[in-house]
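Taking it in order: structure first as structure tokens, then the write-up.
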């Protein structure tokens, strides 16, 4: 949130179209290609359309969650309440589905609404009470976990996902193209539109660069920050709803594996963790990169321990490549 | 204004944490079926010091205006390591303890190097290194198990002269050996200066980088002492992801309760220790009042939410709205 780094100072001699490409996004896409090449050496079925579509489908769950995370990161904040917001969305949607025909219809909106509520608490805390986002989101995560533990009695709930949830996550409206991918594409297109073509989007970037300046220019920064957190909460919960549809039921700690990857996807896609800089294309690249990495590691039958280590090392290494703050002078 | 009023103002956070802890502990022991006995105090202090060590670790980093989201994972990693190497005779046990502490220092140094010399944001950097530390812990202990030198473990978790909990004595010794010299040294002041105004400190020629690096390193060491104690209490090592996350979270809560400013530059590890004791006692209050343990996570979460919201009261004193943006 403090200083913003200048990018591409040395690239002024390059042709114009090359200069417009963010080096971080280019690196991320290059890594995707490298991973695909490496994977195809390991197994020939790696480049088959079925496999790639399957990967895209898996990536779309992370993609939906990372979209919300990106909004918040662009503000220079962070949302660490992802794990239990995802679980809350999934559990509440499944719970609503158990309440007769009305519940089935309202299952998905209800799950998302619960996520928006968690996001609103985060947003009010960050924007109006000026609590550091990292702290308040950790706290709401703990509260959401507490609520879900009390609700479920500490076990995975018995309610199963509704038909609509399953259809959204596993069905395919257009033959061959999974619905989850379409959902991600729609959300992605909407995000690109909001971020680049609306006042809200421009304000998000402005606040990320310097909130004080944005406030003095007449932006209601507190409302924008609160809205962004609510959107992040809603999208996390929607990700949870999709995941519940995919697995046909909600589970305890189902959101835990999504916190680190969603931050990693956003940051690897070139969005500055200090806020104010980043493109949705980069986030898409980051999400696909993370999903492919996960997939290759599981194809190689890498145990959980190795996966965690590789994640951490990859994130630190990529950040050291292009995510450093400017040196103090 | 006389000097003692300055001193009092400086220690306000610590004294408040002490006050909260004393009140909570009196309520706790008054309602405990066994009352205020050496046994109750020993159990409470054994549980309390674990969090106290991790909270001290968190304090050192928070003072520099950073945050260490990997303390819980260093804690778990050293626990798993100790369950392998702190065994056998006196020489082996001593070497094992030293090795565990060194690994803690190494983890802290890695965090410090990445954050200070790599110039990455502490949040993301320590989340990532935390994943690495947890991965290593999982490699060491895919399944819970292992053992520890039980004589040492019993001695350090038992009571001295039948009354004083030994773990409290170790905590006191740690404060005297690590925290007091650090906070009074040039590097300790540099860590505080980095937290209160990095630019001003840089202009004054304060050894910022070394001070911050030392803070991260000592944080790793303190988390490792915590991990060692966890092994002494449980006799086993377990790579528990949820537990590591919980300790990271609770350490932040303890630090806030202990009057340490999350924006850096203000607070002390002693305050964080009382914050940790207070947080633990609040969690245990549920048991003496015979409530369903299922409610404990929610109760702790709400306490945490209230604790972190307390800082918002400073907003009422803001005269110029631009101060919102720091």
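Bear in mind these aren't lab numbers, they're just calculated from the coordinates by the rules spelled out. Here the structure is a predicted model, which is why all the values come from computation and not from measurement. Note that each Cβ is placed from the backbone with ideal geometry, even for glycine, and that neighbours are counted across all protein chains shown.
Average 1/r across all pairs of distinct alpha carbons in segment A:142-296, invert it, and you get the Kirkwood radius: 17.6 Å.
A Förster radius of 30 Å combined with the Cβ-Cβ distance from residue A:193 to residue B:320 puts the calculated FRET efficiency at roughly 0.25. Label separation (residue A:106 vs residue B:37): 5.3 nm, computed from points 7 Å beyond Cα along the C-beta direction. For segment B:217-258, the Kirkwood estimate of hydrodynamic radius, built from reciprocal distances between every pair of different alpha carbons, is 11.3 Å. Expressed as a fraction of 2.2 N^0.38 Å, the C-alpha radius of gyration for the protein assembly as shown is 0.96. Taking the centroid of alpha carbons for each part, segment B:1-61 and segment A:109-168 are 32 Å apart. Segment B:189-326 has equivalent-ellipsoid semi-axes of 32, 23, 11 Å, by the square roots of 5 times the alpha carbon gyration tensor eigenvalues, sorted largest first.
Ellipsoid fit via the Cα gyration tensor, segment B:82-213: semi-axes of 34, 23, 11 Å, each the root of five times an eigenvalue, largest first. With just the Cα atoms defining each centre, how far is segment B:152-169 from segment A:179-239? Give it in Å. Between the Cα centres of segment B:152-169 and segment A:179-239 lies a distance of 55 Å. Think of it as helices only: each DSSP H run of n ≥ 4 in chain B is worth -39500 (n - 2.57), and spread over all residues that comes to -23000 deg cm²/dmol at 222 nm. Arranged from fewest to most other beta-carbon atoms within 10 Å of their beta carbon, A:99, B:233, B:277, B:250 become A:99, B:233, B:250, B:277. Normalised radius of gyration (Cα atoms, divided by 2.2 N^0.38 Å) for chain A: 1.00. The helix-only estimate of mean residue ellipticity at 222 nm for chain A, built from DSSP H runs of length n ≥ 4 each weighted as -39500 (n - 2.57), is -23500 deg cm²/dmol after division by the residue total.
Label-to-label distance for residue B:210 and residue A:40 is 5.4 nm, based on points extended 7 Å past Cα in the beta-carbon direction. All Cα-Cα separations within segment A:26-156 were binned at 5 Å from zero, giving a P(r) of 2, 9, 13, 16, 14, 12, 11, 11, 8, 3, 0, each value a whole percent of the pairs. In segment B:1-148, how does Rg compare with the Kirkwood Rh, expressed as the Rg/Rh ratio over alpha carbon atoms? So for segment B:1-148, dividing Rg by the Kirkwood Rh gives 1.07.
As a proxy for reagent exposure, A:21, A:290, B:306, B:116 were ordered by neighbouring Cβ count within 10 angstrom, fewest first; the result is B:306, A:21, B:116, A:290. Global dimensions of segment A:237-285 from alpha-carbon coordinates: Rg and Dmax equal 13.4, 38 Å. Under Stokes-Einstein, with the Kirkwood radius over Cα pairs as Rh, the value for chain B at 10 °C and 1.306 mPa s is 79 µm²/s. Run through all the Cα pairs of segment B:128-191 and give the fraction in each 5 Å bin from 0, expressed as whole percent. Percent of pairs per bin, in order: 4, 14, 11, 10, 12, 19, 17, 10, 2.
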